[in-house]
Structures are given as C-alpha cells and as structure tokens.
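The values are calculated or read from the model by the stated rules, or taken from the named source; none is laboratory data. On a predicted model such as this, the values are computed, not experimentally measured, just so you know. Neighbour counts are summed over all protein chains in view; Cβ atoms, including those assigned to glycine, are modelled from backbone coordinates with ideal geometry. Please note that ligands, DNA and RNA were not included when accessible areas were found on the heavy atoms of the full protein model with its side chains. Shrake-Rupley method; radii C 1.70, N 1.55, O 1.52, S 1.80 Å.
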Amino acid sequence: MPRPSGLAVGPDGALWCAEIGAGGIARVASGGEVTEFALPDPACRPHAVTVGPDGACWFTAWATGRIGRITEEGQVTEYALPPAPGPSPTAWRSAPTVPCIRPWNTAGSPGSRSREASRDGP
C-alpha cells in the first residue's frame, strides 16, 4: 500500500486510508485483506478520509481541488470545490487537506479557502 495517509474506521469496521502517492483509496478489512480503489485522476493526491453520516467515506484530493465520496463497493463521486475568492481566483486553487462532516451535513475541508462543497448531501 503506497504511502497511506488520513486513516479512518469505516461503518463496516474496516480501516480506510488515502494512498497519496498512488491516487487511490484503500480498505483494510479486520482480517487484513486489502482492497485498493483507483480514483478517476491518479494524480489527484488524496490526502485524508473521514466517514460521513450517510455511511460512505469522504476524502480530499488536494492536487485537483476536489472532495470525493467512496462507497464500500468502491463507487466514487467527486465534487469540485469553487476557486478561491479574490482578484485572481485562478491564481490559487483550493487545496483541501482534511475532510470534515459538520453536524448540519455539509462536507468540506477546514484548511481550504473554499469552505463548503455540498449541503444536505450529494
């Protein structure tokens, strides 16, 4: 498993992590079986994983300015974060690092200039 990062325990009891160097998400079952899921853009550099209220895992893809959702079966949905505000929003892209799920079901990244990506789920 190349460079695991941002570990989270999923609702299925498995350990989930981002594979920052490989552009994927990995699931490690309690028995030690590893399942790797490739993301749509292998250069996205996923950074961290958290579990959402919907039971899916959410991750950040900081090289592409996206957050994503992955199911236990490996179905991936990604959401682009809006560009940073200011006089030149294209000069600095959003670079989300750690996903968080707020109590009001808004997914985002606290370290990003773009605070929200989705309200009330996808």
(message) Exactly one of these conditions fails for Thr60: (1) part of a strand (DSSP E or B); (2) at pLDDT below 55; (3) among the hydroxyl-bearing types (Ser, Thr, Tyr). Give me its number.
(response) (2)
(request) Specify the residue that is modelled with the lowest pLDDT; the eligible residues are those in the stretch 63-97 that are of a type in the set (Ser, Thr, Tyr) and within 20 Å of Ala38 (Cβ to Cβ). (result) Thr64
(message) Quick check on my filter: what residues within the stretch 28-56 are open to solvent by 50 Å² or more (accessible area, probe 1.4 Å) and among the small types (Gly, Ala, Ser)?
(response) Ser30, Gly31, Ala38, Ala43
(message) Quick check on the stretch 62-78: of everything there that is of a type in the set (Asp, Glu) and out of contact with any strand residue (DSSP E or B) (no Cβ under 7 Å at 6 or more places or on another chain), which residue is surrounded by the fewest Cβ atoms within 10 Å (Cβ to Cβ)?
(response) Glu73
(message) Considering only residues that are within 13 Å of the chain's Cα centre (by Cα), surrounded by fewer than 22 Cβ atoms within 10 Å (Cβ to Cβ) and of a type in the set (A, V, I, L, M), which ones fall in the stretch 11-27?
(response) Ile20, Ala26
(request) Having 1 or more residues that are in contact with a strand residue (DSSP E or B) (Cβ under 7 Å, 6 or more places away or on another chain) and hydroxyl-bearing (Ser, Thr, Tyr) is the bar; report the strands (runs of 3 or more DSSP E) wholly within the stretch 1-57 that clear it. (result) 4-9, 34-38, 46-51
